[in-house]
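The values are calculated or read from the model by the stated rules, or taken from the named source; none is laboratory data. Every value quoted in this text rests on a predicted model; they were computed, and no experiment measured them. Backbone-built Cβ (ideal geometry, glycine too); neighbour counts: all protein chains shown. The protein model used for the area step is the full one, side chains on, heavy atoms only, and it has no ligands, DNA or RNA in it. Shrake-Rupley method; radii C 1.70, N 1.55, O 1.52, S 1.80 Å.
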Amino acid sequence: EVEKLSEISSSLRAELKKIKSNPHQFIDSVESHMIKKQDKKIAELQEYIAILSNQLHKAEVQSKSKVKLLKDSISPSRRSQNSPTRTMPAISKLSHTKKPEKPT
């Protein structure tokens, strides 16, 4: 373990020397790394937004079709109540139940 720690220590010293000798290069490499990570996150978020947008569109289409089905299921019953064919049999039944006139 002591050997591993001394290897790590010397490696870190070498990296620190590089950073001290050219700090702008180190800053650029860190910025580049951060930008790559941000770009990856942005791509993931765009993909997630696309999925949510697609799900929202599907939900809107489903709700519109359900509303149409509900309207269609309500409309025929309203039409049948207001249509003359619905009231005509009731009127003709009333005329059949009329009492016959008494002969004079």
Quick calc, region 1-69, dipole around Cα centre from Cβ unit charges on Lys, Arg (+) and Asp, Glu (-), nearest 20 debye, gives 440 debye
Could you state how much accessible area residue 19 has, in square angstrom rounded to the nearest 10, with a 1.4 Å probe and all protein chains kept in place?
-> 50 Å²
Suppose R0 equals 41 Å; then what is the FRET efficiency for residue 15 and residue 54 from their Cβ-Cβ distance, rounded to the nearest 0.05?
-> 0.35
Just how much of residue 47 is accessible, in Å², when a 1.4 Å probe is used and the result is rounded to the nearest 10?
-> 120 Å²
Per residue, in Å², the accessible surface of region 1-65 once ligands and nucleic acids are set aside, probe 1.4 Å = 97 Å²
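Order the following by accessible area, largest value first: 24, 57. Probe radius 1.4 Å; ligands, DNA and RNA are ignored. Spell out each step's value before the answer.
Working: 24 135, 57 110 Å².
Order by accessible area, largest first: 24, 57.
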Got a sec to turn the phi values of region 23-35 into Karplus ³J(HN,Hα) couplings, 6.51 cos²θ - 1.76 cosθ + 1.60 with θ = phi - 60°, whole Hz, x for Gly and Pro?
-> x, 5, 5, 4, 4, 4, 5, 5, 4, 4, 4, 5, 5
Inter-site label distance for residue 47 and residue 3 at 7 Å from Cα along Cβ, in nm = 4.3 nm
What length, rounded to one decimal in nm, is gained on full extension from residue 30 through to residue 71, with 0.36 nm per residue of separation minus their alpha-carbon distance?
-> 8.7 nm
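Any chance you could run the full-extension gain for residue 22 through residue 37? It's 0.36 nm times the residue separation minus the Cα-Cα distance, nm to one decimal.
On the way: separation 15, 0.36 × 15 = 5.40 nm, distance 2.33 nm.
Length gained, residue 22 through residue 37: 3.1 nm.
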